[in-house]
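Report on one structure; see the data block that follows.
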Amino acid sequence: MKQPTLAVLSLVALSFAGAGEAHAQSTPPLTVQDQVEIQQLAARFAFALDTRAGDGNGLADLFTAEGELVGPRGSAKGHADLAALARRGVVSAERPAVDVSHFSMNHVIQPAAGGATGKEYVVVVHLGEDARPGGEFSNIGGHYEDAYIKTPAGWRFKRREFIPNKSAARPRQAGAAAPGAKPAAAATPAPTLPVASLTAEDFLAIRALASTYAYGLDTGADNGALYASVFTEDAEFHGPPAVPGGKPFDAKGREALRQFALVDRGSAYVRHFMSNHLIEPSPEGARGKVYLLVIDIAEGDRPTSVNMGGHYEDVYVKTAAGWRIKSRNFFRSKSAQTLKAEAEAVAGAAPAK
Amino acid sequence: MRATLMAVAVSLIGLTPSSHAQQPAGQPATLTPMDYIEIRQLAIRYAYGLDTAADNGYMYADVFTPDGEFIGRQVPFTKGREALARVARSVRKANQMYVRHFITNHEIHPSPEGAVGKVYLMVVDVEEGQPSSIYIGGRYEDVYVKTPEGWRIKRRDARNMGVPRNPATLKPAQ
């Protein structure tokens, strides 16, 4: 197995909030070890929060001594306050029935002065509450915005803020120029290679594409340019009709894709939850599949609901600007029984020969 | 002890020790970033294997060691490749288009055997024209070992789950 050495992750092209290349170049790079450790930190946060491990100290220990957890109901700063918050519960005074409640996805990480920053989607799920079967999505969902610091004991949260989901749908004028958007770099296709192993850097960069895709689509950031930036210049995206009987979705080229993400819903909007990102090497570079749940988090009197689910099938290529999606196809989830019924319906509708 | 301190030192400066480094007996081996990535991919392939029943159930079975074990609340104790493949083949709704097992928050730690981990699971029934629902959720607790073919699940404990939803209780789509 190839061992990763000191590696620099090129996240510049996928940076958020208009962070320019100059800024990224002045911040220390993150190694793959850093990325993996920060991902693990985020995973441990959910477990520590839901299990109230160590009488609350499990959560507090993930933060620096002066670390802070902020939410709409207030904040806790420092080890004692964080432990106390974990003991009494963030969502409810009652511990989750199966100690599982905060489902986090779409974790993106980038280097920053002093350490790193990140964002992650989260939705709170009630499982087995009051001995009820199955589970229910709660009315709580949104995203975290994080600052991480590397300490002698490893990476820790300096600050984690939960920002509840909020839609501020403001459709932009189609064709409007993307302010601050950089001219797309010419996508230099990777040479045709035999199927080569992917490095840790490759896996992390490809995972970041899927997460960035979600942020780009849900926020409409940079007039759709963030969404479009995960694709090659000549990328294609195909999907089923949005409504039964409607027109299938077909987009070709980065500009057409940018137009698709032109709705500015605001930076607090979360909807496309990605998980199960399977990545394998391929002759083109890599192929992948990603599960998708489109969750409409509760707003006003409308409860949380699942709008749709399915999976993407992707082809990725390594360009001069880094890994990009060359093609993406979305498939709604269908059981074997549904497929059989559809096939029978088509066969039944076909004219007799 | 010396090997462990060296592993910590090189990890702090971004270099990672070989996953094959010799470790004192009983001490957990250090995991490289690729080990974390491969173990996460293993858990992900588990979900695809179960939801698609691909390769006649063997995509699911082959994420386990040949003597791998699954312990669940609904599925009885299952051990070995053939028995695990039968479990995947028994999923009536499985096919290449089906998604149901959503996993997140995969926490992984080195252990003397290789690694241990915990991962959240949400089983969501979602199809166009039908009510969506969470069938069951909870977490898996795993033991992983590194074999010549790569990381594999030696044991997956799925008992920390809630009570599954009875499909008969779902309201029909409006």
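The values are calculated or read from the model by the stated rules, or taken from the named source; none is laboratory data. The structure presented is a predicted model; accordingly, all values stated were derived computationally and were not measured. Cβ atoms come from the backbone with ideal geometry, glycine included; neighbour counts cover every protein chain shown. These accessible areas exclude ligands, DNA and RNA; they are computed on the full protein's heavy atoms, side chains included. Shrake-Rupley method; radii C 1.70, N 1.55, O 1.52, S 1.80 Å.
Just a few scattered comments:
- Rounded accessible area of B:T104 (nearest 10 Å², 1.4 Å probe): 10
- Interface burial in segment B:67-98 reaches 50 Å² or more for B:M97, comparing the full protein assembly with the chain by itself; accessible area from heavy atoms with a 1.4 Å probe.
- Rounded to the nearest 20 debye, the dipole magnitude of segment B:46-99 is 260 debye, with +1 charges on Lys and Arg beta carbons, -1 on Asp and Glu beta carbons, and the Cα centre as origin.
- Dimensionless Rg/Rh of segment B:84-154 - Kirkwood Rh, Rg from C-alpha atoms: 1.06
- Panel note: contact residues of segment B:102-116 (accessible area lowered by at least 50 Å² against the chain on its own; 1.4 Å probe) correspond to B:F102, B:T104, B:N105, B:E107.
- For the pair A:A131 and A:R95 in one chain, pulling the backbone fully straight at 0.36 nm per residue adds 11.6 nm over the alpha carbon distance.
- The accessible-area loss of segment A:127-142 on complex formation, taken against its chain alone with a 1.4 Å probe, reaches 50 Å² or more at A:P133, A:G134.
- Take the Cα of A:D301, step 7 Å toward its Cβ, do the same at B:N56, and the gap between the two points is 5.7 nm.
- Total formal charge among the other residues, if their Cβ is under 15 angstrom from that of B:E107, Lys/Arg +1 and Asp/Glu -1: -4
- When the residues A:R95, B:R45 are ordered by accessible surface, computed with a 1.4 Å probe over the protein chains alone, the sequence from largest down reads A:R95, B:R45.
- Förster-model FRET efficiency, 41 Å R0, B:E149 and A:A53, C-beta, rounded to 0.05: 0.75
- Accessible area that becomes buried as A packs against B, both chains, 1.4 Å probe, Å², nearest 100: 5500
- Net lengthening on full extension, A:A347/A:N329 (0.36 nm per residue, minus Cα-Cα): 3.9 nm
- Projected label distance in nm at A:E66 and B:R86, using a 7 Å step from Cα toward the beta-carbon: 6.2
- Each residue of segment A:128-137 is assigned a 3J(HN,Hα), and the resulting list reads x, 5, 6, 6, 6, x, x, x, 9, 6 Hz, derived from the Karplus form 6.51 cos²θ - 1.76 cosθ + 1.60 (θ = phi - 60°), x at Gly and Pro.
- Calculated FRET value between A:A153 and A:E280, using beta carbons and R₀ = 41 Å, to 0.05: 0.70
- Neighbourhood net charge (14 Å Cβ-Cβ; Lys/Arg +1, Asp/Glu -1) for A:L257: -1
- Among the residues of B:33-45, the average count of other protein chain beta-carbon atoms within 10 Å of the residue beta-carbon is 6.
- Note on A:K77/A:K340: beta-carbon distance plugged into 1/(1 + (r/R0)^6) with R0 of 56 Å gives a FRET efficiency of 0.45.
- Zero-based 5 Å bins, Cα pair distances in segment A:210-314, whole percents: 2, 11, 17, 24, 23, 14, 5, 2, 1, 0
- Between the residues A:H107, A:S92, A:N139, the greatest Cα displacement towards the positive end of the dipole of segment A:55-167, with unit charges on the Cβ of Lys, Arg, Asp and Glu, is found for A:H107.
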